[in-house]
Amino acid sequence: MKKKILKALKDSDKYVSGEELSNTIGVTRTAIWKHIKQLKEEGYKIESISRKGYKLVSEPDTIDSKALEIELKDKSFIKEIVHYNTVDSTNSQGKLMAAQGAIEGTIVISEEQTGGKGRLGREWISPKGTGIWMSIILKPNIEPQEATIITQITAAAVASAIIKLTGIKAGIKWPNDIIVDGKKVCGILTEMSGELNSINYVVVGIGVNVNMNQEDFPEELKEVAISLKESFGEDLSRKELVIKILSEFEELYLDFINTNNAQKSISICRELSVTLGKQVKIVQRGKTILAEALDITEDGELLIKSSDENIQKVVSGEVSVRGIIGYI
Ligand code: BTN
């Protein structure tokens, strides 16, 4: 019956009265009202004015498999899209699926995560329908130590997608954060399973705060987190952004696999970096290094010059950039 109500609203560009709906569909006006309420809860924006009736203003921004598969049908890299309404973590789910044989190019996406994971065992807030909570399963034929480059490829893809789609000036804080207006809008979590010299699978998780309001962030994150909507000024289509991110990712990842170098991604990371040329604080295994960030190497490592003039490469670690989110 919900479908019939929706069709009646879609077919009309004017208000449709409750009485009209009840006559054509053959149910009471109370039943109509109940279904309209449910449709609103599903994300349909329906205006209701007494004595005029109901009008469909917009449909929900669905990112389910069907909606995405139609748009991504030309992408050879994307093999399957698995969509959840709710899941603990798309990365955990992705790892499970990869271990059970899911192929490279399988995408796991969810409307919400109840146990979203950030780096270093942190929690990743993932409220329903407001962001992109997505993981990509990869099975690259590369050495395990090369896998860090995947985070750089992903950061380049996400930042490029945001810039191309919205015009928002997104920057990349090495190695895995996308920054907008000095705050974090996206985090990337790359997890791997492998042997000493071979990779079983890589799951790269992308969390983008798209349409969240400040009140959606917990108190301790308000200073450091932002959504694209807050910067852009109005809601953005999650569907369009998912499509753009996956298209950019496909281009950069396949280029890396085919040429065996990630030059394209690294030049984007350098160009959009908010880290290079800045004072950075790197915490690695409990040790803190204060240094200047000089460059990102072809392998995706950060080249730094510490206060004793020593130049070294950093593969991973917790990096704080002076001036970005108050040196946090
Ligand atoms: C970070 O900046 O700490 C990384 C955050 C990564 C969050 C994403 S959301 C989709 C995927 N599933 C998870 O549980 N985490 C990643």
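Observations on the structure shown:
- Alpha carbon convex hull of the chain, projected area averaged over orientations, nm²: 19.1
- Taken per residue, the accessible surface of the chain reaches 50 Å², heavy atoms only and a 1.4 Å probe.
- Alpha-carbon Rg/Rh ratio, for the stretch 194-328, with Rh computed the Kirkwood way: 1.00
- For the pair Asn310 and Asp255, label points projected 7 Å from Cα toward Cβ lie 3.6 nm apart.
- With every protein chain in place, the stretch 133-202: carbon and sulfur % of accessible area (1.4 Å): 46
- Over all other residues within a Cβ to Cβ distance under 15 Å of Lys287, the charged ones net out to 0, with Lys and Arg as +1 and Asp and Glu as -1.
- Longest DSSP-loop-exposure-free segment, GluC sites (Glu not before Pro), the chain, at most 10 other Cβ within 10 Å: 1-194
- Percent accessible area from carbon and sulfur atoms, the stretch 221-328, protein chains only, probe 1.4 Å: 46
- Full-stretch length increase - Lys128, Asp235 - with 0.36 nm per residue and alpha-carbon distance subtracted: 37.1 nm
- Per DSSP, loop trypsin sites (Lys or Arg not before Pro) in the stretch 248-328 with at most 10 further Cβ within 10 Å: Arg285
- Other-chain or far-sequence residues with amide H under 5 Å of Val274's (modelled H): Ile172, Lys173, Trp174
- Coordinate range along principal axes, alpha carbons of the stretch 14-71, Å, largest first: 39, 21, 18
- Here the stretch 46-89 is treated as a sphere whose radius is the Kirkwood value from Cα pairs; by Stokes-Einstein at 37 °C and 0.692 mPa s it diffuses with a coefficient of 242 µm²/s.
- Cα long-axis angle, helix 29-41 against the chain (0 to 90 degrees, to the nearest 10): 10
- The Leu221 and Val283 beta-carbon pair, evaluated with R₀ = 25 Å, returns a calculated FRET efficiency of approximately 0.85.
- Alpha-carbon spread of the stretch 136-251, three principal axes, descending order, Å: 47, 31, 20
- Within a Gaussian network of the chain (alpha carbon springs, distance under 10 Å), most fluctuating of Gln152, Gln100, Gln279: Gln100
The values are calculated or read from the model by the stated rules, or taken from the named source; none is laboratory data. Source: prediction; values computed, not measured. Note that we place each Cβ from the backbone using ideal geometry, even for glycine, and neighbour counts take in every protein chain shown. Accessible surface is based on the protein model in full, side chains and every heavy atom, while ligands, DNA and RNA are left aside. Shrake-Rupley method; radii C 1.70, N 1.55, O 1.52, S 1.80 Å.
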